[in-house]
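The values are calculated or read from the model by the stated rules, or taken from the named source; none is laboratory data. Computed from a prediction, not measured in an experiment: that's the story for all the values here. So basically every Cβ, Gly included, is an ideal-geometry build from the backbone, and we count neighbours across all protein chains shown.
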Amino acid sequence: MGIQEIRETMKNCRFCFMCRHACPTFLATKLDSHTPRGYALLLSEIDEGLKEWSNECIARFYQCSQCGLCREDCEFHWKEDDLVRHAREEIVAIGREPQNVKGIAESVRRTGTPFGHRKNESIGNVFKNQQNPDVLYFAGCSTHQFHPEVVQSLTGLLNYSGLSWTMLEPEICCGMPLFDLGYPTFAHQQAESVAQLLADRNPRLLVTGCPHCYRAFQEKYPEWGVSLPSSIQVMHSTEFIDQLMRERKIELKSKLALSRVCYHDPCQLGRKMGIYDFPRSIIHQVTGHSPIEIFHNREKAECCGAGSALFFSDPGISTQVARVRWNRIQEENPQLIVTACQNCKTALQGVSSIDVLDISELIIQVLGGDQS
């Protein structure tokens, strides 16, 4: 279904209200204009000449996390999140994107990352930019920026496994934030640059703990016509860790004394890419207990507020959405929250009163901490 067909079909959204019960942004703000129905009505009025692209309308379209939960509760599974992204492309095309969004794109142009500067990425790996390794670990921009402890945990697991591995230095944005924010051409160009760097290193496995990067490599690059060598297998870190455990390259000598661990399903990893079981299996092996399931989980999991670069484009809305998710989590009285997305960790850490760990941090504790 093309975007024009989606736009025409979704004009029927004016007669339906079901998606408001699923939309995390609506649950946070209680504004109908933040629902898929609200976005469809705004675009219908713009198409029919009843509204123009006002600053208020533009801001609304950058307050959606594009988490895709609306599709799950939509009788017709209309692609409401794609509709929002295409609206952003129109906004960018007429040069009306918000200044902070424009700043993200400019930062990627200047520095290769959305942050405008690079933090020290040195992690003691003497094999940076090595060719033909077993594994190339692609951490992702926001992991480098906000969570060096996740980088250290994953590289510690790599050292423990005995596999040869490397990282790109410098590592540049995979292009996914640009795509989500309405810059498809720039995203494709960025993807081509990343693909060339990866081809030059030619790893057997490309491993990333960032669900946005994982989705880019697995789904979006092929859609964009960007090719990685067929010899490179792409894995999310949870799949990779699960494989290491099954192959006994990681052997647990003990278990963590935790019986109430909640696992938060990242939207990009779960609903978008279908990975639900690897992290749950790892948690069970590390603690001896299956994770406590949150009321909304797996394909119905609510967004943490960090999806689609929302914490870039509107950090206030992002925090409101995160608080809604935290309220769901604390109903289960967990000892610990575990997730498999660095952006989810950022969002939940900002509102949670208990620790939030990445899956790699959980398992490294059983292996004795830093494995460098």
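A compact table of results
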| read-out | value |
| --- | --- |
| Residue within the stretch 140-155 that is over 21 Å from C267 (Cα atoms), out of contact with any Gly (no Cβ under 8 Å at 6 or more places or on another chain) and not in a helix (DSSP H, G or I) present | no |
| Tabulated pairs, the stretch 253-269, first at pLDDT below 90, second of a type in the set (G, A, S), C-beta under 7 angstrom, 6+ apart or interchain | K255/G288 |
| Residue list for the stretch 50-96, restricted to those being assigned to a loop (DSSP other than H, G, I, E, B) and either in the same structural domain as I172 (by TED's automatic domain parsing) or over 29 Å from G270 (Cα atoms) (or both) | L50, K51, E52, W53, S54, I94, G95, R96 |
| Elements of type helices (runs of 4 or more DSSP H) contained in the stretch 191-288, each with 2 or more residues being surrounded by fewer than 18 Cβ atoms within 10 Å (Cβ to Cβ) | 221-224, 237-246, 277-287 |
| Options T346, T319, T339; residue that is under 18 Å from the mean Cα position of the chain (by Cα) and more than 24 Å from S237 (Cα to Cα) | T319 |
| Pairs, first without any contact (Cβ under 8 Å) to a residue 60 or more places away in the chain and among the basic types (K, R) in the stretch 19-40, second surrounded by fewer than 21 Cβ atoms within 10 Å (Cβ to Cβ) and outside any helix (DSSP H, G or I), C-beta under 8 Å, six or more apart | R37/C16; R37/F17 |
| Which numbered condition W78 misses (of (1) in contact with a Ser or Thr (Cβ under 9 Å, 6 or more places away or on another chain); (2) modelled with pLDDT of 85 or more) | (2) |
| Subset of the stretch 319-372 that is of a type in the set (S, T, N, Q) and in a loop (DSSP other than H, G, I, E, B) - its residue that is farthest from H147 (Cα to Cα) | N333 |
| For C173: the one exception among (1) over 14 Å from the mean Cα position of the chain (by Cα); (2) in a loop (DSSP other than H, G, I, E, B) | (1) |
| Count of residues meeting criterion [touching a Leu at 6+ places or on another chain (Cβ under 8 Å) and more than 22 Å from E361 (Cβ to Cβ)] in the stretch 319-349 | 2 |
